[in-house]
Amino acid sequence: MDQNSADDTPRVIERSLDPDNWDEFRALGHRAFDDMVDYLQTIRDRPVWQALPESAQSLFAMPLPVYGSGPATVYDRVRDDILPYPTGNIHPRFWSWVGGTGTATQLIADMVISTMNSAGLGFDEVASTHVELQLLGWLKEMLGYPAGASGLLVSGGSMANLVGMAVARNQMAVTDVRKHGVCNSGEPKPRFYASSETHSSVRKAVELLGLGNDSLHTIPVCDDFTIDTAALRDAINADRHQGYRPACIVANVGTVNTGAIDPLPALADIASSERLWLHADAAFGAFARLSPRYQTLVEGLERADSLAFDLHKWLYVQYDCGCVLVRDSDAHRNAFSVLPSYLRSLDRGLASGPLNFSEYGVQLSRSFKALRAWMGLKSEGVQRYAEQIEQNIRQASYLTGLVMQHPDLELLSPTSLNIVNFRYAAAGLNAEALNELNAEILMILQERGIAAPSSTLLNGRFSLRVAICNHRSRREDFDLLVGSVVEIARELCGTDSSR
Ligand SMILES: *Cc1c(COP(=O)(O)O)cnc(C)c1O
């Protein structure tokens, strides 16, 4: 007999995805949090990198789960087969690419972010909107950027460059790019200028903006890897004569290869006399501004029309978090604003928030990532961050000293900020053999879990590249790095390491 026949209303079974047993979930959560804190606290005792073992690999070969096995069982696999294999940037001897470390406080932020699960719209009159606006205000203050500028938190430097350069493209166009697009015949083609050391995301942005990478005029660098401003002036003049329309200079405030800082005041002067937009890619270099000792290095940053930087690099914020600031907030909004009726704000109630973040960038729904940086800054204070950044700069010069003192090591770029490039330069090896030797040294350093520099090519030389945005590194870590490089090199060259 049908269950429902006893009474006429059918019994509707409704469920949610909430735990069946909240007490069990709470216990699991406490256990998981304890595991995370233990893991972070003992990070120094672990290898900086290790390859995934078979047990972990097998996890990733498993089929789509049709029926769940419950959070406790899943968590055990995560703890055993995922947690031990991170990129490693939380480790004190990780110096690859430009990896930031993150801080413990933000673990708590992550729980709050997930619990609230706010949509980050801005026109929602909720706490996340005000946290983000307050954070943007603090960032402007920290970087000496005008308080009236608009800003947006984005996924990272790549997206920040795209947003800033989109504003540049539109502002510098002759016709309405949003209406007509970029390919109007007869119009002079726009030109963007950036040095040969510029990050790949700038080229990507030019391509995504429909300009074609022919429009990115690459300017050579000087010996210190900063842009050759005389060559830049010549290029702008030559382009004008050939019927192009110079539109934007992209300044590097800390190049990814060597940390070189383009001469910002000179670039700002050129931009203003040539009436060009100045966009600064300050992905990590921006925060040198926090240090009274080193802020002169990034003088002129405040003159950029748009500024892209990462919080997940040298502000030690967990991934992912970048920011774009634009001096002319109307220009910023004009590049992105589309307001259909369903996104309009109202005078009162939930939709009465102060602004619509979607008018300033690509995304509509966004995570409440602002809370991580906000909690970090509130917990530590900006003074502590300034000290950590200074510590990293001093560590870079300490490592530079170790390299220069060692007869078998060679510095491959001047250390201007927090990036050191060097190699083992054994006598009697040709250029190609030296490159192979140093690549081998790097891979062994990583495979043995000792340290994780990354690599680059500088003037054709394979470089061990050490980028220091790591608040856990200590001088002894750089001693160990140098000692290990030399030891591995001698093993590889067959010379006695005990000499
Ligand atoms: C890291 C970096 C970028 C890209 O930033 P993401 O956050 O990785 O997207 C751009 N420019 C420079 C100089 C960088 O160091």
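The values are calculated or read from the model by the stated rules, or taken from the named source; none is laboratory data. Keep in mind it's a predicted model, so treat the numbers as computed, not measured. Cβ sites come from the backbone with ideal geometry, for glycine too, and all protein chains shown count toward neighbours. The area values use the complete protein model at the heavy-atom level, side chains included, leaving out ligands, DNA and RNA. Shrake-Rupley method; radii C 1.70, N 1.55, O 1.52, S 1.80 Å.
Tabulated data
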{"quantity": "Any hit, the stretch 156-166, residues being more than 16 Å from the ligand (Cβ to nearest atom), farther than 21 Å from LEU264 by Cβ, of a type outside the set (A, V, I, L, M) and out of contact with any helix residue (DSSP H, G or I) (no Cβ under 6 Å at 6 or more places or on another chain)", "calculated": "no"}
{"quantity": "Residue match in the stretch 270-285 (condition: of a type in the set (D, E, K, R) and within 26 Å of ASP320 (Cβ to Cβ))", "calculated": "yes"}
{"quantity": "From the options ASP45, ASP34, residue that is among the acidic types (Asp, Glu), within 25 Å of ASN418 (Cα to Cα), surrounded by fewer than 12 Cβ atoms within 10 Å (Cβ to Cβ) and away from the ligand (no atom under 16 Å from the Cβ)", "calculated": "ASP45"}
{"quantity": "Selection within the stretch 296-315 - small (Gly, Ala, Ser) and either assigned to a helix (DSSP H, G or I) or surrounded by 24 or more Cβ atoms within 10 Å (Cβ to Cβ) (or both)", "calculated": "ALA304, SER306, ALA308"}
{"quantity": "Unmet criterion (only one of (1) outside any strand (DSSP E or B); (2) open to solvent by 20 Å² or more (accessible area, probe 1.4 Å); (3) at negative phi) for THR129", "calculated": "(2)"}
{"quantity": "Selection status of GLN363, outside any helix (DSSP H, G or I) and over 20 Å from SER473 (Cβ atoms)", "calculated": "yes"}
{"quantity": "Long-range neighbours under 7 Å by Cβ, at least six apart or interchain, first residue more than 28 Å from ASP223 (Cα to Cα) within the stretch 460-486, second assigned to a strand (DSSP E or B)", "calculated": "none"}
{"quantity": "Check on ARG191, of a type outside the set (Gly, Ala, Ser), at pLDDT 95 or above and open to solvent by 50 Å² or more (accessible area, probe 1.4 Å)", "calculated": "no"}
{"quantity": "Pairs, first in contact (Cβ under 8 Å) with a residue 60 or more places away in the chain in the stretch 208-219, second of a type outside the set (A, V, I, L, M, F, W, C) and open to solvent by 30 Å² or more (accessible area, probe 1.4 Å), C-beta under 8 Å, six or more apart", "calculated": "none"}
{"quantity": "Filter result (hydrophobic (A, V, I, L, M, F, W, C) and away from the ligand (no atom under 16 Å from the Cβ)) within the stretch 279-306", "calculated": "LEU290"}
{"quantity": "Residue count, the stretch 316-369 (criterion: open to solvent by less than 50 Å² (accessible area, probe 1.4 Å) and either free of Cβ contacts under 8 Å to residues at least 60 places away in the same chain or within 16 Å of the ligand (Cβ to nearest atom) (or both))", "calculated": "14"}
{"quantity": "Condition broken by ASP223, with the remaining ones in (1) of a type outside the set (Phe, Trp, Tyr); (2) open to solvent by 40 Å² or more (accessible area, probe 1.4 Å); (3) part of a loop (DSSP other than H, G, I, E, B); (4) within 15 Å of the ligand (Cβ to nearest atom) satisfied", "calculated": "(4)"}
{"quantity": "Tally, over the stretch 253-289, of residues that are open to solvent by 30 Å² or more (accessible area, probe 1.4 Å), over 11 Å from THR198 (Cα atoms) and of a type in the set (A, V, I, L, M)", "calculated": "1"}
{"quantity": "Qualifying positions in the stretch 282-328 - more than 20 Å from CYS248 (Cα to Cα) and hydroxyl-bearing (Ser, Thr, Tyr)", "calculated": "SER291, TYR294, THR296, TYR316, TYR319"}
{"quantity": "Single residue of the stretch 226-246 satisfying the filter (β-branched (Val, Ile, Thr) and touching a helix residue (DSSP H, G or I) at 6+ places or on another chain (Cβ under 6 Å)) that is most open to solvent (accessible area, probe 1.4 Å)", "calculated": "THR229"}
{"quantity": "Test: residue in the stretch 438-445 that is part of a helix (DSSP H, G or I) and of a type in the set (D, E, K, R)", "calculated": "yes"}
{"quantity": "Residue count, the stretch 197-220 (criterion: part of a loop (DSSP other than H, G, I, E, B), within 20 Å of SER306 (Cα to Cα) and not hydrophobic (A, V, I, L, M, F, W, C))", "calculated": "4"}
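Quick grid of which residues meet (1) within 30 Å of ILE450 (Cβ to Cβ); (2) open to solvent by less than 50 Å² (accessible area, probe 1.4 Å); (3) among the hydroxyl-bearing types (Ser, Thr, Tyr):
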residue	(1), (2), (3)
ALA56	yes, yes, no
VAL66	no, no, no
ARG79	yes, no, no
GLY120	no, yes, no
